[in-house]
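J.: A single structure is presented below for examination.
The values are calculated or read from the model by the stated rules, or taken from the named source; none is laboratory data. Remember, it's a predicted structure, so these values are computed and weren't measured experimentally. Cβ coordinates were reconstructed from backbone atoms using ideal geometry, including for glycine residues, and neighbour counts include every protein chain displayed. For accessibility, only protein heavy atoms count, side chains too; no ligands or nucleic acids. Shrake-Rupley method; radii C 1.70, N 1.55, O 1.52, S 1.80 Å.
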Amino acid sequence: MNTESVWQLDEGEKIPVGISSCLVGNPVRYNGGHKHDRRITDSLGQFFDFTTVCPEVSAGLGVPRPTIRLVENDTGVTIRGAKKSELDVTRELVDASAKIVSKLPELAGFILKKDSPSCGVFRVKIYREDGHPSRAETRGEFTHQLLAARPWLPVEEEGRLNDPVLRENFINRVIVYRRLQKLETAGSGIADLIDFHSCHKLLLQSHSPEAAHRLGRLLAGPADLSFTDLVREYRRQMMIAMRKTVPRRRHAMVMERLAGYLRDYLDAGDRHEFHQLVGSYRRGEMPLVVPITMLRHHLRRLPENHAARQVYLSPHPDALALRNAI
Ligand code: SF4
């Protein structure tokens, strides 16, 4: 890989990521407990530098505190006591969330506690005034404000991170987002963004061939955007594309494309063996790490070339072993 690329992360650099405070073991929940998730702190903690937030503590609700939930009425959604409906903490939580969001440092991702009326990202329940669940679902108040301020920030709930495909997808998005932050800060012009695109092309194609094509056209188009605006538009489109998880057939397609560079370097036996592995992976008989490891091994034989610079080959630290499980 080209060691001069301005978007590359430094050796040992930890990526700044926000996280719901209860997930790292802080006793901030309504009952004085926590929801420490060791898969996050022990594994991702080696590579992420966590900034913790607890919107409900910041709102002054105390520990322990009454449980709260989202309640809809004619005027909108309010945040009320789950057992004492007369308790209305909407203003406190809205104000505290706004204050936290305005003071957050630069982050490349956020891990949030599922189901929380403050922190949940997906399918947070809303109740009706009569206490019955409404059909509507939403985000927690803090997450709502976080994504209003930083719409393309990669976010994920801790429960979904137990799914290997979603875990790999989130970590990829965080790392790419961080690289684009570095590019925006340290890049000196479009040549740096073209270098970034060139190295991420196959990763992008694995998520969305259409987006890879569209982003290539964006860089080739008329220079009517400033460098900063161009990076931001590129980031917006790339983050949307990367929200899609990568199906096995797409991984197989990208690996076969990379194997094309080896045409003149592999004998028929090696080529056959590799195609067999890709076929087995595609049928779900083995994890992605197997054909990818062989591909990386073969590509090392090539002199410096476009294929070896593809981030797709090694998008995240090998120590996380993410491709052993997908
Ligand atoms: S889910 Fe959010 S608000 Fe609730 S305890 Fe955890 S960090 Fe605090």
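J.: For the range 157-266, which chymotrypsin sites (Phe, Trp or Tyr not before Pro) are both in a DSSP coil and crowded by at most 15 other Cβ atoms within 10 Å?
T.: Sparse-neighbourhood loop chymotrypsin sites (Phe, Trp or Tyr not before Pro): 265.
J.: Considering only 194, 171, 140, whose Cα is most displaced toward the positive end of the charge dipole of the range 128-236, charges sitting on Cβ of Lys, Arg (+1) and Asp, Glu (-1)?
T.: Result: 194, furthest along the dipole toward the positive end.
J.: So, one more: For Cα pairs less than 8 Å apart in space and 6+ apart in sequence, what is the mean separation divided by the residue count of the chain, i.e. the relative contact order in percent?
T.: It rounds to 15 percent for the chain.
J.: Oh, and also: Would you tally the net charge around residue 37, using a Cβ to Cβ cut-off of less than 10 Å, leaving residue 37 out, and scoring K and R as +1, D and E as -1? Don't skip to the answer; put the middle values down first.
T.: Values: positive: 35, 38, 39, 113; negative: 42, 158.
Once positives and negatives cancel, what remains is +2.
J.: Follow-up. Using only Cα atoms, tell me the angle between helix 227-242 and the longest principal axis of the chain; keep it within 0 to 90° and round to the nearest 10.
T.: 90 degrees
J.: With springs only between Cα atoms under 10 Å apart, run a GNM on the chain and tell me which of 197, 272, 34 wobbles the most.
T.: The residue with the greatest mean-square fluctuation here is 272.
J.: Then there's this: Tell me the per residue accessible area of the chain using a 1.4 Å probe; a whole number in Å² is fine.
T.: Values: 15720 Å² over 326 residues.
With the other protein chains kept in place, the chain gives 48 Å² per residue.
J.: A further question follows. What percent do you get for the relative contact order of the range 73-120 when only Cα pairs under 8 Å and 6+ apart count? Don't skip to the end; give the middle numbers.
T.: Numbers: 22 pairs, mean separation 10.7, N = 48.
Reported as a whole number, the value is 22 percent.
J.: Treating the angle as unsigned and between 0 and 90°, give the value, to the nearest 10°, between the Cα long axis of helix 164-186 and the longest Cα principal axis of the chain.
T.: Approximately 80 degrees, to the nearest 10.
J.: Where the accessible area of the chain is counted over protein heavy atoms with a 1.4 Å probe, how much of it, in %, is carbon and sulfur?
T.: 49 percent
J.: Note the angle between two axes, namely the Cα long axis of helix 289-299 and the longest principal axis of the Cα atoms of the chain, as a number of degrees from 0 to 90, rounded to the nearest 10.
T.: So the inclination is approximately 40 degrees.
J.: Return the single residue from 96, 148, 307 with maximal mean-square fluctuation; model: Gaussian network over the chain, springs between Cα atoms under 10 Å.
T.: The residue that fluctuates most here is 148.
J.: Which residue fluctuates most in the GNM of the chain (Cα springs below 10 Å): 83, 113, 125?
T.: Per the Cα network of the chain with a 10 Å cutoff, 83 tops the list.
J.: What percent do you get for the relative contact order of the range 10-126 when only Cα pairs under 8 Å and 6+ apart count?
T.: Details: 189 pairs, mean separation 31.7, N = 117.
After rounding, I find 27 percent.
J.: For residue 127, which sequence-distant residues (separation of 5 or more, or a different chain) have an amide H within less than 5 Å of its own amide H, given hydrogens modelled in the peptide plane?
T.: For residue 127, whose amide H was placed from the backbone, the distant partners under 5 Å are 70, 71, 72, 134.
J.: Now a separate question. For the chain, max minus min Cα coordinate along each principal axis, in Å, sorted largest first?
T.: So the extents along the principal axes, rounded to whole Å, are 75, 48, 36.
J.: Same structure, new question: With a ≥ b ≥ c taken as the square roots of the eigenvalues of the C-alpha gyration tensor of the range 56-97, please select rounded if a/c is under 1.5 and otherwise prolate if a/b is larger than b/c or oblate if it is not? Provide the component values of the computation, followed by the final result.
T.: Working: a/c = 2.81, a/b = 1.33, b/c = 2.12.
Taking the square roots of the gyration eigenvalues as a ≥ b ≥ c, the range 56-97 is oblate.
J.: Turning to a different aspect of this structure: Near residue 108, within a Cβ-to-Cβ distance under 13 Å, what is the net charge of the other residues, with Lys and Arg +1 and Asp and Glu -1?
T.: On the way: positive: 14, 150, 173, 178, 179, 182, 235; negative: 13, 49, 106, 156, 184.
Residues near residue 108 contribute +2 overall.
J.: What GluC sites (Glu not before Pro) in the range 241-326 are in a loop by DSSP, with at most 12 other Cβ atoms within 10 Å of the Cβ?
T.: In loop regions of the range 241-326 (DSSP not H, G, I, E or B), the sparsely surrounded GluC sites (Glu not before Pro) are 285, 304.
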